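Comments concern the structure below.
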Amino acid sequence: MTALAYRIDRSSRASRIGSSVLIGLGLILATVPQFFVATVVQQLTSLFIFVILAVMWNALAGYGGLVSVGQQAFIGFGAYGTVFLAQRDVPPYLAVLLAAGASAVLAAVLAPLVLRLRGGPFAVGTWVVAETLALLVVLDHSLGGGTGVSLRGLNVFRPDERRAYTYWLALAFLVLLLGAVFVLLRGRTGAGLQAIRDDQEAAASLGVRVWPLKAGLYVLAGFGGGAAGALILANTLFIEPRSIFGVQWTAYMLFMVLVGGIGTFEGPLLGALLFFGVQYLFADYDAWYLIGLGLTAGAFALFLPRGLWSLVPVRLLPVGYHLRRDGPGVF
Amino acid sequence: MTVFPGDTVFPGDTVLDGEHLHKRYGRLHVLDDVGFTAADGEAIGIVGPNGAGKTTLLNVLAGSVTPDSGTVRLDGADVTRSGPQIRCRRGVGRAHQIPRPFGGMTVLENVLVGATYGAGLRHREAHRHSIEVLRRCELLDLANRRADTLGLLHRKRLEMARAVATRPRVLLLDEIGAGLTDAEAAELVATIRELNAGGVTVVWIEHIVHVLLQVVNRLICMDAGRVIADGEPSAVLSDAVVVDAYLGKARS
């Protein structure tokens, strides 16, 4: 009997080209500090930080369904963790790495608590955690209290050296986290997480281990948030609790992910680029700028819920599945 | 091998059984000392009026609801406290009454979740198995469609396909035929029979009795949280207590 033969493709020509371009881009970006002036290096560093934030929030909310409004808890913890360690004579860049790791530990400790909640209560719960951490930092005078604190110890480097190192560290974190999310989505965990996002009970009835997957994702996002926070500090050298623990980070992440395309690998990259441009052009308008961001994100949520990337019929990375008919075959 | 209704199936070992199961929601006694046994290879139908406790029994067997008291055993081992994900990986598949597709994923990805997690298959093996399941459930042409774009018939097929993809030894089906036309139901019956003939134990709740009777060789009737009849289908259906439960006592 002849029947049609089918097979499942993971990659396409577009995804092969896309992956190569991304890897090439990463290599080119690594050489930037050698050729460009300080402001470019510093601006690109903050772009990388935004990309990290967008990719992490998208993994958490877009793939895992964990719509957190409190990832600034980890941003702040990573930044203040770096200050705390640097005050104890840990070399600053090592402190950045350790603080990111400590944020992952914090996420692991918080996971049994906050992951009991789902949907709205989860969102509120994560925000409460962030506000609580901010208050604890304000009360601690050795961390500068409410007025803020600078990162010491980086003055052993010349300013352009320092910027280059921070830049490379941000790029390394970005590549590492993008790689981690890619591996996660490429394997069965990607399908498992999306299943949990869409219907947790149905996922469990198909054999998906719900708790370890959600907790693992939350810890990864905690690590990413902590890394971003530590890098923000290394890039700007000064932080204060109101802004580093501020909910505006969540507003930024929402904007980048919703505009770019929630639940796609490429969307947040696009969203972060757009946000970076928008911020560059309009940040001086203060309140109106924030209102504009909110309105734009809201409009996307209503009218283009899967973001700009949903208009592009291409996947840059081989994380999906596609059933293809091979033509007539024999069984 | 094809099993026809009424055929005597050699009863195998007990695969899934429950003993003295109780479940209350407030003052409502949804399961009132229910006992249930499914032997390897059986096809069991469960009927009964709305609110009889059929779905709750299925939930307790699948692990999505914990009984207040009583024991559920899988292959003789106590699984009363283990969740649905554990029972699924040990061979209990389940299709819900109202299909619960993963709307943001494609049909193929929905099935792959069952194949990779429930059946524990990897890579090419999982791909081959998923394609086979899609073919069997006639979903191949829709494989790359997002599940939230499907109509009722295809949602039902997908619900069934996902459960089948977990390679269950016991398949729990909850009103999988409701809302389908006779022709559509006939396809479903053919698929379920094929699975049963392949050795899968089937436990099927269904209101459309004539559809059910094409598959099952044993019928359980529940009413008000109790099992009121259990046995050969025609005998159960002519049982006076069953007739009363279904049609009320108005006939006399």
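The values are calculated or read from the model by the stated rules, or taken from the named source; none is laboratory data. The structure presented is a predicted model; accordingly, all values stated were derived computationally and were not measured. All Cβ positions, even for glycine, are placed from backbone atoms using ideal geometry, and neighbour counts span all protein chains on display. These area figures cover heavy atoms from the full protein model, side chains too; ligands, DNA and RNA do not enter into them. Shrake-Rupley method; radii C 1.70, N 1.55, O 1.52, S 1.80 Å.
Observations
- Unmet requirement for B:T116, which otherwise passes all of (1) in a loop (DSSP other than H, G, I, E, B); (2) crowded, with 19+ Cβ neighbours inside 10 Å; (3) within 11 Å of chain A (Cβ to nearest Cβ): (1)
- Within region A:217-241, residues that are over 18 Å from A:V51 (Cβ atoms) and of a type in the set (D, E, K, R) have Cβ atoms under 6 Å from residues that are in a helix (DSSP H, G or I) and open to solvent by 20 Å² or more (accessible area, probe 1.4 Å) in no pair, counting only partners at least 6 apart in sequence or on another chain.
- In region B:52-92, residue farthest from the other protein chains (Cβ to nearest Cβ) [restricted to those that are open to solvent by 20 Å² or more (accessible area, probe 1.4 Å) and among the basic types (K, R)]: B:R73
- Residue that is surrounded by the most Cβ atoms within 10 Å (Cβ to Cβ) [pool: residues in region B:151-184 that are part of a loop (DSSP other than H, G, I, E, B) and in contact (Cβ under 8 Å) with a residue 60 or more places away in the chain]: B:T166
- Residue tally, condition free of Cβ contacts under 8 Å to residues at least 60 places away in the same chain, hydrophobic (A, V, I, L, M, F, W, C) and farther than 16 Å from B:L153 by Cα, over region B:89-100: 0
- Test result for B:Q97, more than 9 Å from chain A (Cβ to nearest Cβ), surrounded by fewer than 24 Cβ atoms within 10 Å (Cβ to Cβ) and closer than 28 Å to B:V15 by Cα: yes
- First in region A:173-186 and open to solvent by less than 60 Å² (accessible area, probe 1.4 Å), second anywhere and not in a helix (DSSP H, G or I), Cβ under 6 Å, 6 or more apart: A:L185/A:V319
- Every pair of residues 6+ apart whose Cβ atoms lie under 6 Å, when the first sits in region B:185-198 and is more than 15 Å from B:K156 (Cβ to Cβ) while the second is modelled with pLDDT under 90 and open to solvent by 30 Å² or more (accessible area, probe 1.4 Å): B:A197/B:M1; B:A197/B:T2
- Counting only helices (runs of 4 or more DSSP H) wholly contained in region A:208-263, the ones carrying 1 or more residues that are within 14 Å of A:A61 (Cβ to Cβ) occupy A:210-236, A:248-260.
- Residue match in region A:250-268 (condition: polar (S, T, N, Q), modelled with pLDDT of 90 or more, surrounded by fewer than 18 Cβ atoms within 10 Å (Cβ to Cβ) and under 30 Å from A:L115 (Cβ atoms)): no
- Positions within region A:136-162 being in a helix (DSSP H, G or I), touching a residue at least 60 places away in the same chain (Cβ under 8 Å) and open to solvent by 60 Å² or more (accessible area, probe 1.4 Å), in sequence order: A:T147, A:P159, A:D160
- Of all residues in region B:132-150 being in contact (Cβ under 8 Å) with a residue 40 or more places away in the chain and aliphatic (A, V, I, L, M), the one that is surrounded by the fewest Cβ atoms within 10 Å (Cβ to Cβ): B:L150
- Taken over region A:283-311, the residue count meeting the criterion of being open to solvent by 50 Å² or more (accessible area, probe 1.4 Å) and modelled with pLDDT under 85 is 5.
- Filter pass, B:G103 being within 10 Å of chain A (Cβ to nearest Cβ), touching a residue at least 40 places away in the same chain (Cβ under 8 Å) and in a loop (DSSP other than H, G, I, E, B): yes
- Checked against (1) over 21 Å from the mean Cα position of the chain (by Cα); (2) away from chain B (no Cβ under 14 Å); (3) surrounded by fewer than 21 Cβ atoms within 10 Å (Cβ to Cβ), A:V210 passes all but condition (2).
- Of the criteria (1) in contact with a His (Cβ under 9 Å, 6 or more places away or on another chain); (2) modelled with pLDDT under 95, which one B:R157 fails: (1)
- Considering residues of region B:10-33 that are more than 17 Å from the chain's Cα centre (by Cα) and open to solvent by less than 60 Å² (accessible area, probe 1.4 Å) only, the residue nearest to B:V216 (Cα to Cα): B:G12
- Output for region B:154-163, where each listed residue is under 12 Å from the mean Cα position of the chain (by Cα) and within 11 Å of another protein chain (Cβ to nearest Cβ): B:E159, B:A163
- Checking each residue in region A:153-174 for being over 18 Å from A:Q34 (Cβ atoms) and modelled with pLDDT of 90 or more picks out A:F173, A:L174.
- Among (1) closer than 30 Å to A:V83 by Cβ; (2) buried (at least 16 other Cβ atoms within 10 Å of the Cβ), the one test that A:L316 misses: (1)
- Hey, B:H129 within 14 Å of chain A (Cβ to nearest Cβ) and free of Cβ contacts under 8 Å to residues at least 12 places away in the same chain or not: no
Matching residues to (1) open to solvent by less than 10 Å² (accessible area, probe 1.4 Å); (2) under 20 Å from A:N155 (Cα atoms); (3) out of contact with any Ser or Thr (no Cβ under 9 Å at 6 or more places or on another chain):
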residue: A:R10; (1), (2), (3): no, no, yes
residue: A:S20; (1), (2), (3): no, no, yes
residue: A:V40; (1), (2), (3): no, no, yes
residue: A:L47; (1), (2), (3): no, no, yes
residue: A:I52; (1), (2), (3): yes, no, yes
residue: A:F74; (1), (2), (3): yes, no, no
residue: A:A79; (1), (2), (3): yes, yes, yes
residue: A:P112; (1), (2), (3): no, no, yes
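- Matching residues in region B:132-146 - criterion: being at the interface with another protein chain (Cβ under 8 Å from one of its Cβ atoms), within 22 Å of A:D199 (Cα to Cα) and among the aliphatic types (A, V, I, L, M): B:L134, B:A143
- Test result for A:I196, more than 14 Å from every other protein chain (Cβ to nearest Cβ), at negative phi and out of contact with any His (no Cβ under 9 Å at 6 or more places or on another chain): no
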